[in-house]
Structures are given as structure tokens and as C-alpha cells.
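The values are calculated or read from the model by the stated rules, or taken from the named source; none is laboratory data. Fair warning: this is a prediction, and the values are worked out from it, not measured in the lab. Cβ: placed from backbone, ideal geometry, glycine included. Neighbour counts: every protein chain shown. The protein model used for the area step is the full one, side chains on, heavy atoms only, and it has no ligands, DNA or RNA in it. Shrake-Rupley method; radii C 1.70, N 1.55, O 1.52, S 1.80 Å.
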Amino acid sequence: MDPRQPQLPVGDGGSWPATAVSEEDLIEAAGRGDQEAYGELVRRYSVTAHRAAVLITGPADAEDAVQEAFVRAFYALASFRQGAPFKPWLLAIVKNCARNKACSRLQQARLTDRLTRARPTVSTVALQSVPSAESAALRAEDHRQLITALASLSDSARLVITCRYLLELSEAETAQVLGWPVGTVKSRLSRALDRLRAKLDKPPRPHGTKP
């Protein structure tokens, strides 16, 4: 991250009351340059943003990705459409920053190890919200098996499952975050779940074993 950029208060709500001010008012004030109002927005969304970054780039680079995303979002508020949902707009920026980190500093072979250091509740609790017909297919005996299977999917498959079930976004919000039509989200999610089911049904053999 460029050290010349202002360090916005990630996780610090400033002097704005946490519940008395609507999100729309905070966005409007932040768009006028009020950093305390933006600090409250950061406080409200820092956990979700960090969770998304961890799932994309791993714990080591997540904090830098989130900080960069919040700085970018602050300067992009002028282009934010009033009345539009803020969370998917913000998470789209987080996704781009985290993917940039991943592309520049991570190797795909290290992804599994880094993701397994994420908080277990991100996957084990959030996946309880998957509809019952899909819960059985997504259920793994342990956290590592699930994360290993998820990490072995293609980038688009991993992202769509992450958005829908690990970040608990709606199809419309997922479409906004990923920049896809809603129909594409539905079709790619269906295919991604099929691939994840297959990998969980047939876990990889230990190294050196014969088929």
C-alpha cells in the first residue's frame, strides 16, 4: 500500500454513534469528506471485509488488502449511487484488492495452507445456511477437508461459493461483487457446488498411494 495515502481508521468508529445514524446519512457525510462518518462505516463493515480478504488472499495479506480497499472506497464515494446497497459495492473493491495481493504474492500451491489458518467458524458456521438439499453435499468431516476441496476449485467457482455461503450474500449482491449477471451467478454456483460435492465425495488419495 502506498504510504502516502491516508491511513483510515479500520475498526474505529470515531465519535459517530453506532446505531443512531443511518447508513445513508453516514455515506452522504463521508462523501463530503467527513472521515469520522467514514470511520463508522469502516467499523460496521471491517469484519465482513476482513473475512472476504482472508478467503481470497490468506491471513498474511488480508489486513493490507482491507486497508487498501477502504482507502480506495473512500476516494470512490463520489461515484457511489445514493440508495444503492453499500456492502456489495464495498466488497467488490475488497475482492479486487485482495485478488491483486494474491496474484502478486501468493502461489496457488500455498493457498490451502493459508486458508486453513482462517477462523474455522467462517466455513463451518456459515455453511449451515446452505439449503438442506445442498447441505449434505457440502458437509465435510473436518474443516481441512472442506477448505482443501474449496481451494482446489477454479478461481470463479471458489469466489461464487465464498460470496453466496461464506459471506452470506444474496444472488444479487454476489452478482454485484463479482461483476456478473445474476443468471451467470446461478449457473456458475450450480456447477461449482457440483464440483465441490464430487471432491468431498472423493477426497484426494494420500501422496504415493496407487489408485
For the list (1) modelled with pLDDT of 85 or more; (2) hydrophobic (A, V, I, L, M, F, W, C); (3) surrounded by 14 or more Cβ atoms within 10 Å (Cβ to Cβ), I need the number of the one condition that Trp16 fails. (1)
Answer with yes or no whether Arg195 is open to solvent by 10 Å² or more (accessible area, probe 1.4 Å) and over 21 Å from Ala98 (Cα atoms). yes
Looking only at segment 62-119, filter to residues that are farther than 25 Å from Ala175 by Cα, assigned to a loop (DSSP other than H, G, I, E, B) and of a type in the set (Lys, Arg); which one of those is modelled with the highest pLDDT? Arg117
Apart from one, (1) over 16 Å from Arg158 (Cα atoms); (2) among the small types (Gly, Ala, Ser); (3) modelled with pLDDT of 50 or more all hold for Ala126; the odd one out is (1)
